[in-house]
2 protein chains.
Amino acid sequence: MAKSVLYMSMSLDGFVAGPDGTNDDGLGDGGERLHRWLMESTANERGLPGRPSGTNGEVWDAFMATGAVVAGRGTFEPAGGWGGDHHDGVPIFVLTRDPERHQPHAKPRVTFVAEVAEAMERAKDAAGDRDVLVHGVGVTRLALAAGVLDELHIHLVPVLLGEGRRLFEHLGPGRVELERLDTREGEDGVTHLRYAVTTRHRMRDAG
Amino acid sequence: MAKSVLYMSMSLDGFVAGPDGTNDDGLGDGGERLHRWLMESTANERGLPGRPSGTNGEVWDAFMATGAVVAGRGTFEPAGGWGGDHHDGVPIFVLTRDPERHQPHAKPRVTFVAEVAEAMERAKDAAGDRDVLVHGVGVTRLALAAGVLDELHIHLVPVLLGEGRRLFEHLGPGRVELERLDTREGEDGVTHLRYAVTTRHRMRDAG
């Protein structure tokens, strides 16, 4: 069955973007450091722009093999909605408080959804037996709270940014236990940490 | 030459203690989860209380092999000053704003020092060719700012605490680059991440 999997690059001090995230790419000042492992690709076996080589490339392949995307508007908008095609034309589900307002202007494969549990369910249906790529800080918080996030793949970047936007913030009380599934040393000092979410006891009883 | 090495257990969301850190052990509510990998020892080859087995035990051996300790009062006091002996009778240097007030009451191997750079220098002198064990949130921030922290050994615990005390907070602007030295999968899901601090461009020019 499809799993919902968060893929995020994070500094050792927990940031996924630098401060002042109002610039066009949404990465904030200095935030591009976190994606250097993706940008400085030296090989390109499949002809995809930006595919890194080695272990990093295998991680790239994993998230490019997902069958649907769930993101918040805070991720979707700064990325220009990926031109309506994040990868391979898979459907994109975007969380927003006001789907009715955004849907009329959406590209064909983009669906605006108000509830994270609904977004995840529809994305899993669309993905079939492939995983669902989850991306973004707000979506992470909501999905953890709703108990609908299955795995975390953190690309741990060997840097302390000092300030910026944290991935895990305002989660609130209540411990979430994880199970370590895989740890891989990637190129450029990035360590790929994969965890399953094993306990979910926040806010909601069911997704 | 001796290196100053931070050893800290940290949750994936960056916490080294739970909220309400006023309880006796300074770990805060639920913070003991972070030290479970140390407490649930199943073997005890060297007869040391709490030495875990396997990979976790090897990490334990590394920090027990250090030749001096540098900690802040916020770490020292809740731990009861380790009875004046953290391990093997090595000297303990405690950062405080007011060394004169605390020194007269100190145990023989405990020295109160006002400046982090001085504490680290004296600890390295005392440690000889062994490393210096650094411990604590405040000391980490000060040592990074002063450019006197050589390595970070993070014991990454597979849990999201949601709230508590962060290891890396208020570091302020200015990126600190790290070099990944070692990644080891320990028992109980703990991943031991070892980094060298390779760039230091904060506040001070020299330690």
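Just so you know, all these numbers are worked out from the coordinates, no wet-lab data involved. Predicted, not measured: the structure shown is a model, and the values here were computed from it. All Cβ positions, even for glycine, are placed from backbone atoms using ideal geometry, and neighbour counts span all protein chains on display.
What translational diffusion coefficient, in µm²/s and rounded to a whole number, does the Stokes-Einstein relation yield for the stretch A:4-197 at 20 °C and a viscosity of 1.002 mPa s, taking the hydrodynamic radius as the Kirkwood radius over Cα pairs? The estimated diffusion coefficient comes to 126 µm²/s. Tell me whether the stretch A:135-190 comes out rounded, prolate or oblate; compute the Cα gyration tensor, take square roots of the eigenvalues as a ≥ b ≥ c, and use a/c under 1.5 as the rounded threshold. Oblate shape, in that a/c is at least 1.5 and b/c is the bigger or equal ratio.
Placing a label point 7 Å from Cα along the Cα-to-Cβ direction at B:Met1 gives distances to the equivalent points in the other copies of 5.8 nm, listed shortest first.
Based on the Stokes-Einstein relation at 20 °C and a viscosity of 1.002 mPa s, and on the Kirkwood radius from alpha carbon pairs, the protein assembly as shown is assigned a translational diffusion coefficient of 95 µm²/s.
Note: relative contact order over chain A, using C-alpha pairs below 8 Å and six or more positions apart, is 29 percent.
Summarising the overall dimensions of the stretch A:96-184 from its C-alpha atoms, the Rg and Dmax are 15.5, 43 angstrom.
Screening chain B for DSSP H helices whose Cα atoms reach 30 Å or more along their own axis and whose mean Kyte hydropathy is at least 1.6 gives nothing. When the Gaussian network model of chain A links Cα atoms closer than 10 Å, the mean-square fluctuations of A:Gly50, A:Gly74, A:Gly164 top out at A:Gly50. Counting only other chain Cβ atoms within 10 Å of each residue's Cβ, the peptide B:180-187 averages 3. Would the stretch B:60-144 count as rounded, prolate or oblate if I go by the C-alpha gyration tensor, calling it rounded below 1.5 in a/c and otherwise prolate when a/b exceeds b/c, oblate otherwise? Here the stretch B:60-144 falls in the rounded category.
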